[in-house]
Amino acid sequence: MVRIGAFLVGVFFTGWLIVSFGVGLVAYVNEPAQETAEHAFHLKPKPLSLSSDGPLGKFDRQQLQRGFQVYKEVCAACHSMRLVSFRNFAELGYSEDEVKAIAANWPIQTPSIDPATGEATTRPSLASDPIPMPHANETAARAANGNALPPDLSLITKARSGGAPYIYSLLTGYQEPPAELAQRFPDSMPGPGLNYNPYFANLNIAMANPIGGDGIVTYADGTEATRDQMAKDVSAFLVWTAEPTLEKRNQTGWAVLIFLIIATGLAFMSYKSIWAGKKH
């Protein structure tokens, strides 16, 4: 009886699934899904080639320093980088004294406590300090940015689908909404405080165009700071902040792969020798 009951229950659920599938198929054929503005106008990230790409990838330290400069002068006023400390910048090729100077001259000081009064205060940052948050908390961040919360950039190339190409495309993708968008999807036009960007998920982003033109920064190495160059450089820098050990990981991976190839070859030769001995 138990087996018969279980069989009938299985038949019931199988039949229910078939009926549900049939009903859904008929509904899809008779009433196909309506195209959305996001589906019609959202663009995939543009191609971006960086020296850190691929299994043999290595960081271009000069580009990373340029990208850091863009972050410091353009992005740091709104976006935190809580997982990066000033001392980490030594990995970009800065000397110990340069790292100390970067920390001490950072526009936002590190929160502290006045030992004499016990009251909250700030002090110049040390090389051992993490980069100070641009806002005291989420409430303050939203209040300063039209209720939008600027994301932390420490792991942004890992946290966003598309990685560095997405960041690069987003930074260079600000434009006027196409006339077709207003005609077909008037409700998807940017509202107050929003900006049209076809690389953003819902097309409208609260962040104003951070790189609106050429020459926003003056590169220390003399590279021309075009809009495209700055977007590439800061994207490369954000790849490093998300995975600073990328080069070591690649080196370790190749060492392990070579070891496994050699070990496999030796094992095969040993097996072949043993097998030959058995035959004799």
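With all projection directions averaged, the alpha carbon convex hull of the range 164-260 covers 9.7 nm².
Its convex hull of Cα atoms gives the range 43-151 a direction-averaged projected area, equal to a quarter of the hull surface, of 9.7 nm². Among the listed pairs 100/158; 46/232; 58/248, those whose Cα-Cα separation exceeds 20 Å are 100/158.
Loop-located GluC sites (Glu not before Pro) across the range 94-180 with a Cβ neighbour count of 14 or fewer within 10 Å are 119, with loop assigned by DSSP. Within the full protein context, the accessible area of residue 189 is estimated at about 70 Å² for a probe radius of 1.4 Å. Estimated at 0.36 nm per residue, the fully extended path between residue 143 and residue 105 surpasses their Cα-Cα distance by 11.1 nm. Close amide H contacts of residue 112 (hydrogens built in the peptide plane, cut-off under 5 Å, sequence separation of 5 or more or a different chain): 121, 122, 123.
The values are calculated or read from the model by the stated rules, or taken from the named source; none is laboratory data. Keep in mind it's a predicted model, so treat the numbers as computed, not measured. No Cβ is skipped: glycine too gets one built from the backbone with ideal geometry, and neighbour counts run over all protein chains shown. Side chains are part of the model used for accessible areas, which takes the heavy atoms of the whole protein and leaves out ligands, DNA and RNA. Shrake-Rupley method; radii C 1.70, N 1.55, O 1.52, S 1.80 Å.
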